[in-house]
1. Among the residues of the range 71-100, write down those that are at pLDDT below 95 and in a strand (DSSP E or B).
2. Does residue 212 satisfy being in a helix (DSSP H, G or I), modelled with pLDDT under 95, farther than 17 Å from residue 93 by Cβ and out of contact with any helix residue (DSSP H, G or I) (no Cβ under 7 Å at 6 or more places or on another chain)?
3. Do the conditions hold for residue 65, that is, is it assigned to a strand (DSSP E or B), crowded, with 24+ Cβ neighbours inside 10 Å and modelled with pLDDT of 95 or more?
4. Within the range 69-84, track down each residue that is farther than 16 Å from residue 187 by Cβ and in contact with a helix residue (DSSP H, G or I) (Cβ under 8 Å, 6 or more places away or on another chain).
5. Which fully enclosed helices (runs of 4 or more DSSP H) of the range 237-312 have 1 or more residues being modelled with pLDDT of 80 or more, within 16 Å of residue 442 (Cα to Cα) and under 21 Å from the mean Cα position of the chain (by Cα)?
6. Given the criteria surrounded by fewer than 19 Cβ atoms within 10 Å (Cβ to Cβ) and modelled with pLDDT under 85, does residue 180 qualify?
7. With the structure loaded, tell me whether residue 34 is buried (at least 18 other Cβ atoms within 10 Å of the Cβ), under 22 Å from the mean Cα position of the chain (by Cα) and at pLDDT 95 or above or whether it fails that test.
């Protein structure tokens, strides 16, 4: 535990002014009164791909927090690390139910909105898509699918996430998202609202609760100081522009797979899995999102801990889990690619739609997904290199393993990924296959698995 000014000044935040992920961390640092050195990373100049930066975060994403000799990447992992090391101004309430609501709200933003509003994802999809077509058709389509069309696609995903937040917070919101104190959920929601309004010009009238929260955030110095327009690297022009547990599961879902492993490790065997997304019902309390569920289980049911005591290894677990849940899983989702292509095709003449639909077959979509999985696996190999033992972060099974095992399963079984490129992950996969909790949780061993 540390709080001295001398220790605080050793914090370095690698940030980009407009990054909503960096924005979350800036808010948390301000709330906790932690001084830090701002290290600007220009995404426009590609500085996040430099050897110096990818040594800190192999995924090449901001933010990255450096605390003396500890390096933590991914905003969710960083906030959980800060909460454990610097307890001043707690980001999580004492009440377990409200803590779980905070986890869920944070994950709706970090896993269900942010990766899918990222126009780079759409750009890479369209680029891969166009490369399959004759040049004259590429030129025609590039003119048809303009930035306005891409913004419509992104806004649809933002709306879906904001609708979920309105429902989730309805019975818990006070002055702020989960009560009358600022917590973790607020650190995630505020930057998302900022981007939705300022960047995507979203009509907020369908979201009265979130609109009220946005007004409250704009009165808080920590939030105002952390806004994109108030950062050292903000271009001058951008300031103006800018009791019985029930698991609702599906045998094939990697998110559900993670939760099944955790439940098996904690010796909950009487499950009744139905549905297609992980939802855990614990008496009268409902928790959704696999990351939120696992953190809830860890706090309420301490048998077989999913997090090590060592703070540095805990941070590695958070990072590994977030690489899977936020950087791989949403982007390997072929449903996402299908919806993108469908929206894309609707802009074109019918005869061209038919030609392209035949050209962009399932195999091409699988290549796109495999590229994202491969990038994530490269990052995991680097992240775990100095920490892995028999399992991902040592000789005990922890949170990271609950996320990595289902991802490996799907990469191998569904996407036929060549695992020779990932020796550490291949070794972990063999170890997981020897564990009863992992075997029992596999897709082929579920009640709803088709015969």
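The values are calculated or read from the model by the stated rules, or taken from the named source; none is laboratory data. Not measured: the values here are computed from a predicted model. Neighbour counts are summed over all protein chains in view; Cβ atoms, including those assigned to glycine, are modelled from backbone coordinates with ideal geometry.
1. Passing the criteria: only 73.
2. no
3. On the way: assigned to a strand (DSSP E or B): yes; crowded, with 24+ Cβ neighbours inside 10 Å: yes; modelled with pLDDT of 95 or more: yes.
Yes.
4. 70, 71, 73
5. Qualifying helices (runs of 4 or more DSSP H): 254-265, 290-300.
6. no
7. Working: buried (at least 18 other Cβ atoms within 10 Å of the Cβ): yes; under 22 Å from the mean Cα position of the chain (by Cα): no; at pLDDT 95 or above: yes.
Considered against the rule, which asks whether it is buried (at least 18 other Cβ atoms within 10 Å of the Cβ), under 22 Å from the mean Cα position of the chain (by Cα) and at pLDDT 95 or above, residue 34 comes out as no.
Yes or no, residue by residue, for (1) at positive phi; (2) assigned to a helix (DSSP H, G or I); (3) modelled with pLDDT under 90; (4) buried (at least 20 other Cβ atoms within 10 Å of the Cβ):
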site: 320; (1), (2), (3), (4): no, yes, no, yes
site: 339; (1), (2), (3), (4): no, yes, yes, no
site: 342; (1), (2), (3), (4): no, yes, yes, no
site: 347; (1), (2), (3), (4): no, no, yes, no
site: 356; (1), (2), (3), (4): no, yes, yes, no
site: 366; (1), (2), (3), (4): no, yes, yes, no
site: 382; (1), (2), (3), (4): no, yes, no, no
site: 396; (1), (2), (3), (4): no, no, no, no
